[in-house]
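Report on the structure given below.
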Amino acid sequence: MALHRVGRLPEAVQAYQTALRGAPDLHAASKYQGLALFQMGLREPGLAMMRRAAELLPDDPSAHFNLGQALCDIGRERDGYVALSHAATLEPENVDANRRAALLAERCGDRTSAITHWRAVVAAVPQSAEGWDELSRHYYFENRLEEAVDAHNRAIALAPSVLEQRRIGFADPDPACTPCVVPLPASAARHAGMQTREARDAFVAATGLTIIDDVLRHPLGYRVHALEQAFRPLAYAGQNFPGEQTRGNDPQEVMSVIASALGRRIKWISPDCGAYRLSYEGSTARTDIHVDNEDGENWDRFAAVLYLNPPGQEQGGTIFWRHRTTGWDRRMPDEAVRAAGFPSFKAFQERWLPNQTERAFNELAAAREDWEPTIELPMRNNRIVLYRGHFFHSLSNVFGTTPQDGRLVQLFFFELA
């Protein structure tokens, strides 16, 4: 072992062979000889010896751990997961084995086992921010939301930077809350095809559109608080929006109103949930018309915009669009994208919604000739509009030159639980 630890692998192999000649049942020597051979690049004989050692030492966690790592190194992750999971079961306090098994379980699509292994990690190391963070994420996607929030709060207490990656929460309908839900007005139609009530009702059903007025009890004080936040001109590389934005903020108050309006539980995980955004007349951006949900995996992810400009400053709002050439009004399923001649949705975006160059937003807004507007939701102080994020949309326009008269909104992203 001493020779092995210092990297003198050929000599270590000779020492293991000598030990085995004297004691053929010394399976630990086989275990380490197999590992040394694998590390020397002799993968097949090394793997064969490690596999045999794991069979002969069924209760030796290191035999299964070494085999699992080796299998992963050659791309056999599912087999590696089985070995690492067994090692973790034999030695629950082994943080490395549980962590590796958890990551592999997720890649193999086994979220339940991933949770089991991350729970073992935090049981062994309660101060593991990574462990609590990963647990919160898995609980979230399993709709174990009370556990998700508890784990999320534990992770934040240990590492506040977790909030830069995700902000987890949920809201239930409040029986004492009676949101002021208003219908889509006929005046919102921006296309001949939206002039009939039936067409607008179909649009509302497809987009999941809900318009709620009088959301906040104290909208002017809320606006003052929003403007006191730290706005940054660039939140992350490649961002699309015009103007400045804060980090996410606790969205619970507004989300409770949304849940009450929808009559069902909602949940959120985006780090940008609750962020405030200021856009000015001269703001630049990379793109204009866009979708918030690009991956095509979940059509019940919603975006919501709370308008915070005071009465007298309301301009434009949120516009929904249809692509003239394809007729698409939303991010289509991958098979439809490919059938239209695009290898991916990203390829469609690169062709019709390029975002490689930063330009004045008003320039981008003036170049919408490939798109036709269908509906424009008018801005109104203390109004929130929510819709499925995979529909093509944009803000109507930017205005103002200071925080006091610029376009101020708060953004929310959530899904149905």
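The values are calculated or read from the model by the stated rules, or taken from the named source; none is laboratory data. None of the values given here were measured: they were computed from a predicted structure. Methodologically, a virtual Cβ is constructed for each residue, glycine included, from the backbone with ideal geometry; neighbour enumeration extends over all protein chains shown.
Structure above, values below:
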quantity	calculated
Any chance A259 is of a type in the set (G, A, S) and farther than 23 Å from N153 by Cα	no
Tally, over the range 322-358, of residues that are farther than 18 Å from N298 by Cα, surrounded by 12 or more Cβ atoms within 10 Å (Cβ to Cβ) and of a type in the set (A, V, I, L, M, F, W, C)	6
From F412, F320, residue being outside any loop (DSSP other than H, G, I, E, B), in the same structural domain as V215 (by the TED database), in contact with a Cys (Cβ under 6 Å, 6 or more places away or on another chain) and modelled with pLDDT of 95 or more	F412
Residue check, D292 at pLDDT 95 or above, on the phi < 0 side of the Ramachandran plot and in contact with a Lys or Arg (Cβ under 8 Å, 6 or more places away or on another chain)	no
Breaking point among (1) without any contact (Cβ under 8 Å) to a residue 60 or more places away in the chain; (2) assigned to a loop (DSSP other than H, G, I, E, B), for R167	(1)
Leading residue by the ranking (surrounded by the fewest Cβ atoms within 10 Å (Cβ to Cβ)) among those in the range 85-120 that are over 13 Å from E134 (Cα atoms) and among the polar types (S, T, N, Q)	T89
Matching residues in the range 44-63 - criterion: being touching a Leu at 6+ places or on another chain (Cβ under 8 Å), within 15 Å of A88 (Cβ to Cβ) and crowded, with 16+ Cβ neighbours inside 10 Å	A54, D60, P61, A63
Unique match (being in a helix (DSSP H, G or I), surrounded by fewer than 19 Cβ atoms within 10 Å (Cβ to Cβ) and β-branched (V, I, T)) among V204, V162	V204
